[in-house]
Amino acid sequence: MKYFDTSNLRGDITGGLTAGIVALPLALAFGEASGAGPIAGLWGAIIVGFFAALFGGTNTQVTGPTGPMVVVFAGVFASLSGNPAYVFAAVVLAGLIQILFGVLKLGQYIRLVPYPVISGFMSGIGVIIILLQTARLFGHEPTGGGTIPAITAIPGAVMDPNFSALIIGLVTLAIIFLWPKSIGKYIPGALAALIIGTLLSLALSGAPILGDIPTGLPEFMIPSFSGDTLVIVLEAAIILALLGAIDSLLTSLVADNMTRTRHHSERELIGQGIGNTIAGFFGAIPGAGATMRTVVNIRSGGETRISGMIHSLILVAVVVVLAPLASQIPHAVLAGILVKVGYDIIDVSYLKNAHKGPRWDLVLMAVVLGVTVFVDLIQAVALGVFLAALGFVKQLADEQLRNFAKAEPKVTTEEEREILDRAKGRILLFEFGGPLSFGAAADLGHQVRERSKSVAQAIVLDFSGVPFMDVSAARAVETIACDAGKSNKIVYVTGMSDKIAQILNGLDADHCLPSDTKYDERLDALREAIRVIEDAAPKATDGSITAAE
């Protein structure tokens, strides 16, 4: 494919334009919250957004300052007493670390995030957006950042509304939700709402507006650090790099889900790293893939990297030329636009049908959604991945143990069936199906012990279906073999690959396995087991063999 695909140029222009306009107040607010000032936030969105789009691996990604990144950066800014050389040294170093992540191909592991976690994360983002903008629809600004202050501000805003802002906000919502799709192909509803809402505010005075926007070009600076600040700068850089990588690749997954495409994780990390490295040299705050702005871009028609670059160019135009016009945009208009964005992000289709699917997946989605809204985005995903992995291992272990305890081994030949029938329970055949997981390992020894308490004299362990095992499974095999030896039962091993044998030998977990009872074919092991048992069994008066009690 062409690096710059111009086949969707109109959609990319409208997507980048809308995303840039939506990014404007967020960039200013994040810059102010970081301690570096609004202009640092604006140039962070411009620089990181442009170069991440140019060199990144997610075509529709829009990059800029994000809440998690700003929280960490603000802590760094405070701990380093606002010294620009030290603070932005951490940003430059974070960008270089992200480039290293991409070169080492560490981004592929983010793709392992399961759908319920992504769904909960997306829906949580949507809920946060709506909660943060509700008070602004009524003409009020939440005091403090975060979801909780936004929620507590809603009752007061509803009881004491700014009617000019409320009318503008409701008109904006009506335009966005009811805008005809036929017209939306040419003029996105969000852009139309922005223009109409701003014009309406000229007739309805009193609604809060953005106000003066800082202007000016950034100055090049030389980052540095001293021996006293080296540890702080290095620690901050690592945290920013990790957080930015996770934030960006999660947004890439969201973009993949919406566009039915697949991003290039390594290239995306390199693009994000280049953007943050350059931003640090110009005193701009670091950024990451911004879910909300990416969704705005996609919903407005953006499909290629050109849209993300246009988003940055729009912000440059605002800084250099259009600041007086952009300063007249009412907060209520942007709030209305963002409420629609939040609604679109919520995974309504899954929520409608979630009760028909696995209950654990629904619980997982709800947990991730709740933690995303009320705690932290990254912690929500980390917890979701942990719980998903834990749930998967539990289900896998339960299935393995259920089959191991109840199901009969698959007898492949008539001779195998005849031997087991002749043994009358004195030979127990255990067939390990698939990889032995650590979740089932703890109970394997107990299962064998319980089933071999009766007349069993020989145990055949079939490893032909085991491609690999971990330490826990190896110890379980050791327990089975040693317990059998103490009970005077002969253990036969069949179908064990060289790889499994090396693992057992390397961990000294095969010391209870007789060296002369290993066979390549299960039938050979069964033949030997029945021969030994029958030779050792007492003879009846008529010459037949009796089973040992």
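The table for this structure:
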| quantity | calculated |
| --- | --- |
| Other-chain or far-sequence residues with amide H under 5 Å of residue 518's (modelled H) | 493 |
| Listed residues 460, 191, 152: farthest to the positive end of the dipole of the chain (Cβ charges) | 191 |
| Region 219-281 and region 350-366: distance between their alpha carbon centers, rounded to Å | 33 |
| Net charge contributed by nearby residues that have their C-beta within less than 14 Å of residue 103 (K/R +1, D/E -1) | 0 |
| Surface accessible to a 1.4 Å probe, per residue, for the residues of region 45-115, Å² | 37 |
| Rounded, prolate or oblate (a/c below 1.5 giving rounded, otherwise prolate when a/b exceeds b/c) for region 1-143 by Cα gyration tensor | rounded |
| Chain lengthening between residue 395 and residue 424 when straightened (0.36 nm per residue, less Cα-Cα) | 7.1 nm |
| Per-residue ³J(HN,Hα) for region 10-17, Karplus 6.51 cos²θ - 1.76 cosθ + 1.60, θ = phi - 60°, Hz, x for Gly and Pro | 4, x, 5, 5, 5, x, x, 5 |
| Whole-Å distance, taken between Cα centres, linking region 90-135 and region 1-58 | 16 |
| Eligible aspartates and glutamates near residue 499 by straight Cα distance, threshold 20 Å, same-chain separation 8 or greater | 431, 462, 470, 478, 508, 510, 516, 520, 521 |
| Beta bridges by DSSP in the chain, antiparallel share as percent, to the nearest 5 | 20 |
| Fraction of accessible area attributable to carbon and sulfur, the chain (%, probe 1.4 Å) | 63 |
| Karplus (6.51, -1.76, 1.60) ³J(HN,Hα), θ = phi - 60°, over region 226-242, in Hz, Gly and Pro reported as x | 10, x, 6, 9, 4, 5, 5, 5, 5, 4, 5, 5, 5, 5, 4, 5, 5 |
| Placed amide H near residue 429: partners under 5 Å, 5+ positions off or other chain | 460 |
| 362, 24, ranked by accessible area, largest first (probe 1.4 Å) | 362, 24 |
| Residue-by-residue Karplus 3J(HN,Hα) for region 381-395, coefficients 6.51, -1.76, 1.60, Hz, glycine and proline x | 5, 4, 5, x, 5, 4, 5, 5, 5, 4, x, 5, 4, 5, 5 |
| Subset of 105/340; 105/394; 356/394; 424/518 violating a 27 Å alpha-carbon distance limit | 105/340; 105/394 |
| Charge dipole (debye, nearest 20) of the chain; +1 at Cβ of Lys and Arg, -1 at Cβ of Asp and Glu | 1360 |
| Cα-based shape type of the chain, given that a ≥ b ≥ c are square roots of the gyration tensor eigenvalues and the cut on a/c is 1.5 | prolate |
| Around residue 503: net Lys/Arg minus Asp/Glu count, Cβ-Cβ under 12 Å | -3 |
| Highest average packing first - 467-473, 331-337, Cβ atoms within 10 Å | 331-337, 467-473 |
| 5 angstrom amide H check on residue 63, placed H, neighbours 5+ away | 290 |
| Full-stretch length increase - residue 170, residue 321 - with 0.36 nm per residue and alpha-carbon distance subtracted | 51.4 nm |
| Normalised contact order of region 34-115, rounded percent, pairs of Cα under 8 Å and 6 or more residues apart | 27 |
| Helical contribution to [θ] at 222 nm, DSSP H n ≥ 4, -39,500 (n - 2.57), averaged over the chain, rounded to 500 | -21000 deg cm²/dmol |
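The values are calculated or read from the model by the stated rules, or taken from the named source; none is laboratory data. Given the structure is predicted, the values throughout are model-derived calculations rather than measurements. Because the Cβ atoms are built from the backbone with ideal geometry, glycine has one as well, and the counts that use them run over all protein chains shown. Only protein heavy atoms, including side chains, enter the accessible area calculation; ligands, DNA and RNA are left aside. Shrake-Rupley method; radii C 1.70, N 1.55, O 1.52, S 1.80 Å.
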